[in-house]
């Protein structure tokens with residue numbers, strides 16, 4: 001319990017409080033003592049002078065009777081008076097005998113002496129020599145004793161209150177802290193046991209623990225999302241690899257059962273290898289997707305000319321378009337430098353063009369356009385004049401392995417659009433699907449490089465004038 | 001070719017060693033990093049096939065780095081189950097010359113080994129290329145077959161140049177994608193085949209003997225052999 005942070009903090013504060021109190025009281029005490037002593041010595045000296053005056057005027061007898069009168073009248077109960085002759089024989093006053101501690105040398109002394117009914121007291125005395133007589137004038141400290149006592153009691157009480165209150169506050173804080181730490185610990189152990197839905201309790205106020213709890217909750221949110229994503233992907237993998245694996249298995253099993261001629265066997269083995277290749281291809285695509293989703297590819301970002309990359313992709317697909325008499329053309333406004341991952345962008349573009357070519361009708365058209373939006377981004381779009389996608393299907397086509405009605409019977413595993421979407425996301429954008437009437441237009445945007453943004457903002461007319469369609473290929477026939 | 005295979009998986013090793021021997025190569029096999037390092041450093045090989053992840057304290061990339069620092073320039077093909085783009089870049093940066101992801105088709109491995117070996121023998125980028133009666137001058141960018149000039153688009157020229165530089169060898173679709181288009185992904189379509197058939201139209205269509213041939217289950221080759 002002593003190792004609790006709240007308690008050790010409380011102890012620290014208590015010690016600090018006591019030190020502050022003592023530091024405050026000590027000079028006060030000292031100043032008080034000095035002031036009182038000085039004042040009293042002055043009074044004693046005045047007293048002694050007055051007595052010396054009486055002695056000078058009226059002689060020893062006069063002084064004796066003066067002292068007697070004052071003692072009798074008890075003018076001041078705290079006053080000590082004694083007059084002795086040279087052999088220290090008391091002549092007058094309220095002390096029975098010259099105190100042993102007080103020397104006969106004139107001066108001021110602080111001594112402890114026996115004072116009749118009041119017992120032993122500290123007293124301040126002034127000694128003077130008048131002719132052959134010794135005079136002692138003094139005052140005891142009885143009057144100030146209660147004040148002093150009260151001072152000490154006050155200090156002690158302050159320290160006691162400070163200690164108890166500090167300890168109490170420490171204990172209360174510790175309890176509150178322990179209860180919150182306990183609830184956090186419960187949540188965390190629930191999470192450790194696999195239930196990622198739990199969140200740390202948070203309050204409206206913004207203390208340190210709350211801020212920490214909120215940050216941790218944010219982290220948990222992200223972890224849950226990731227785990228969910230991983231689960232989804234593994235479910236999809238399990239589902240979509242099962243089909244080709246099942247085909248492969250039955251093919252091999254049939255081979256073992258039927259034992260056909262070597263010719264047929266080789267053909268079947270080739271088929272089996274193709275099945276395996278299909279599995280590997282799905283696997284690779286999924287791994288690539290996972291890699292992009294995890295955001296690990298941001299390290300591959302470099303400045304690149306998106307117009308050039310697009311033109312290359314269009315050129316790559318040109319012969320395939322030609323085969324089906326599709327007019328595949330790229331349009332750009334000259335070099336536009338964006339920040340991106342060239343490998344992934346090429347792959348995303350090739351997926352989009354591949355899709356568009358699949359759905360465009362014979363003698364149709366596919367247009368790939370790079371356009372500066374003059375808001376710091378470049379839009380890349382691929383449009384076809386195929387059947388398009390109904391609104392209800394638009395959200396589904398981005399899902400992994402989804403294959404629309406129109407794509408039945410075409411090659412592909414249904415990951416093209418989700419990969420393009422993942423690449424767009426990695427570049428801070430998202431795939432926008434819109435209707436071309438007829439056809440589908442898929443677009444995403446990329447951030448322009450800083451320098452390019454400034455240059456184009458300065459001269460937008462110029463680059464607009466430079467806009468021209470660059471047909472990558474002319475449909476033959 | 002004299003080839004060193006550093007690979008710990010027995011199944012894969014057996015398959016590769018057998019395949020390479022059948023293709024007429026001499027193969028040494030090391031099952032762990034230490035043996036691999038020893039053999040690679042002491043024997044003269046034409047090509048080394050290096051598995052990236054090896055048991056024991058030395059992994060494939062470390063061996064490559066040591067060999068390169070020691071001045072060994074033997075071409076090395078890295079074999080790896082790590083397929084991410086960054087892994088590939090890291091592998092090539094460590095001193096490897098090519099990178100092949102497991103699982104792989106044997107034809108792909110063989111074609112890449114041939115290409116590596118050919119590259120290591122030193123090529124004159126400016127020297128004219130000739131296969132049969134097909135000529136290419138990389139400097140003037142003129143292509144002729146027999147006496148007839150052939151007009152090629154820039155990409156077709158690059159494609160044919162790559163094929164002719166590897167004349168007599170099998171070149172896979174992936175190799176073409178990587179070297180002609182610089183595409184390090186699988187476009188999942190037969191676009192490369194379409195490019196090839198277009199090229200074939202230009203160089204072979206009107207001639208009796210075709211030079212650009214398809215190798216079943218592997219890729220393409222430009223050759224005069226029957």
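Where a number appears in this text, it was derived from the coordinates with a stated rule and is not lab data. All figures in this text were calculated on a predicted structure; none of them were measured in a lab. Note: ideal-geometry Cβ built from the backbone for every residue, glycine included; neighbour counts use all protein chains shown.
Would you kindly work out the equivalent ellipsoid of the range B:124-185 from its C-alpha gyration tensor and give its semi-axes, the square roots of five times the eigenvalues, largest first in whole Å?
Details: eigenvalues 89, 32, 22 Å².
Its equivalent ellipsoid spans semi-axes of 21, 13, 10 Å.
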Gyration tensor on Cα atoms of the range A:208-293, a ≥ b ≥ c root eigenvalues, a/c under 1.5 rounded, else prolate if a/b beats b/c, else oblate, says prolate
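Considering only DSSP beta bridges where both residues belong to chain B, give the percentage that are antiparallel (nearest 5). Numbers along the way, then the final one.
Numbers: 16 of 33 bridges.
The answer is about 50 percent antiparallel.
Averaged over A:128-139, how many beta carbons belonging to a partner chain fall within 10 Å of each residue's beta carbon?
Working: counts 0, 0, 0, 0, 0, 0, 0, 0, 0, 0, 0, 0.
Across A:128-139, the average partner-chain Cβ count within 10 Å equals 0.
Taking only C-alpha pairs under 8 Å that are 6+ residues apart, what is the relative contact order of the range B:67-181 in percent?
19 percent
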P(r) of the protein assembly as shown over all Cα-Cα pairs, 10 Å bins starting at 0, rounded to whole percent, reads 2, 10, 14, 15, 12, 7, 5, 4, 4, 4, 5, 6, 5, 4, 2, 0, 0
Per the 1/(1 + (r/R0)^6) rule, R0 = 25 Å and r from the Cβ atoms of residue B:41 and residue B:118, FRET efficiency to 0.05 is 0.55
For A:309-319, A:346-356, A:209-219, A:438-448, ranked highest to lowest by mean beta-carbon neighbours within 10 Å, the order is A:346-356, A:309-319, A:438-448, A:209-219
Taking Cα pairs closer than 8 Å and at least 6 residues apart, the relative contact order of the range A:208-293 in percent is 34 percent
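Inside 10 Å of the C-beta atoms of A:342-355, what's the mean count of C-beta atoms belonging to other chains?
Numbers: counts 2, 7, 3, 0, 6, 7, 1, 0, 8, 4, 0, 3, 4, 0.
Mean number of neighbouring Cβ atoms from other chains: 3.
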Honestly the range B:2-120 on the Cα gyration tensor test (a ≥ b ≥ c root eigenvalues; a/c under 1.5 rounded, otherwise a/b vs b/c for prolate or oblate) is just rounded
For B:125-131, A:302-308, B:166-172, ranked highest to lowest by mean beta-carbon neighbours within 10 Å, the order is B:166-172, A:302-308, B:125-131
For the range A:95-221, inverting the pair-averaged 1/r of distinct alpha-carbon atoms gives a Kirkwood value in Å of 21.5 Å
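Roughly how crowded by other chains is peptide B:149-161, in terms of the mean Cβ count from those chains within 10 Å of each of its Cβ atoms? Spell out each step's value before the answer.
Working: counts 0, 0, 0, 0, 3, 1, 5, 1, 0, 0, 0, 0, 0.
Mean partner shielding for this stretch: 1.
Compute the length gained on full extension between residue A:36 and residue A:256: take 0.36 nm times their separation in residues and subtract their Cα-Cα distance, giving the result in nm to one decimal.
Details: separation 220, 0.36 × 220 = 79.20 nm, distance 11.88 nm.
Residue separation times 0.36 nm, minus the Cα-Cα distance, leaves 67.3 nm.
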Shape descriptors of the range A:5-146 over alpha-carbon atoms, Rg and Dmax in angstrom, are 21.1, 79
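Just need the relative contact order of chain A here, percent rounded to a whole number, with Cα pairs under 8 Å and 6+ apart. Walk me through the numbers on the way to the answer.
Details: 626 pairs, mean separation 50.8, N = 477.
Answer for chain A is 11 percent.
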Sorted on mean Cβ neighbours within 10 Å (highest first), peptides B:15-25, B:89-99 come out as B:89-99, B:15-25
Note on the protein assembly as shown, DSSP bridge orientation, antiparallel percent to nearest 5 equals 75 percent
